[in-house]
Amino acid sequence: MQLRIYSKPDCHLCDEAKAVLLKVAQEFDVSIEEINIETDPDAYQKFRYDIPVIFLDDVKLFKHRVDADQLRRALRTRL
């Protein structure tokens, strides 16, 4: 399983989301990929008004804020 977060530097919501992802990822066998939308033109066009955006594999789970309990449920369901 892989969590992917679309974010950018100096984004307070992104920092909060990453902290939740890192904490929950320690409980599961899941990797985290961070994509900086400022260096990816396609991601910038798609997500510039919605960051952070979090996907589990190819399923969009969250935008703007991450709920740790909902993330845990999603990860357990995928197991």
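Observations on the model:
- Lone unmet requirement of (1) at positive phi; (2) modelled with pLDDT under 95 for L79: (1)
- Pick from the range 43-68, criterion of a type in the set (D, E, K, R) and assigned to a loop (DSSP other than H, G, I, E, B), ranking: farthest from the chain's Cα centre (by Cα): R48
- Any hit, the range 2-25, residues being under 17 Å from A68 (Cα atoms), buried (at least 16 other Cβ atoms within 10 Å of the Cβ) and modelled with pLDDT under 95: yes
- Residues of the range 57-65 include at least one that is under 20 Å from C11 (Cα atoms), of a type outside the set (A, V, I, L, M, F, W, C) and touching a residue at least 40 places away in the same chain (Cβ under 8 Å).
- Within the range 4-24, the residues that satisfy the criterion of being of a type outside the set (K, R) and closer than 13 Å to L61 by Cβ are I5, Y6, A17, V20, L21, V24.
- If the condition is being closer than 11 Å to Y6 by Cβ and either hydroxyl-bearing (S, T, Y) or surrounded by fewer than 16 Cβ atoms within 10 Å (Cβ to Cβ) (or both), then the range 43-58 contributes Y44, K46, R48, D50.
- Filter pass, E27 being part of a loop (DSSP other than H, G, I, E, B) and in contact (Cβ under 8 Å) with a residue 12 or more places away in the chain: yes
- Of residues in the range 30-42 being surrounded by 13 or more Cβ atoms within 10 Å (Cβ to Cβ) and assigned to a strand (DSSP E or B), the one farthest from the chain's Cα centre (by Cα): N36
The values are calculated or read from the model by the stated rules, or taken from the named source; none is laboratory data. What you are looking at is a predicted structure, and each value in this text was computed from that prediction instead of being measured. Here Cβ is always computed from backbone atoms with ideal geometry, including for glycine, and neighbour counts include all displayed protein chains.
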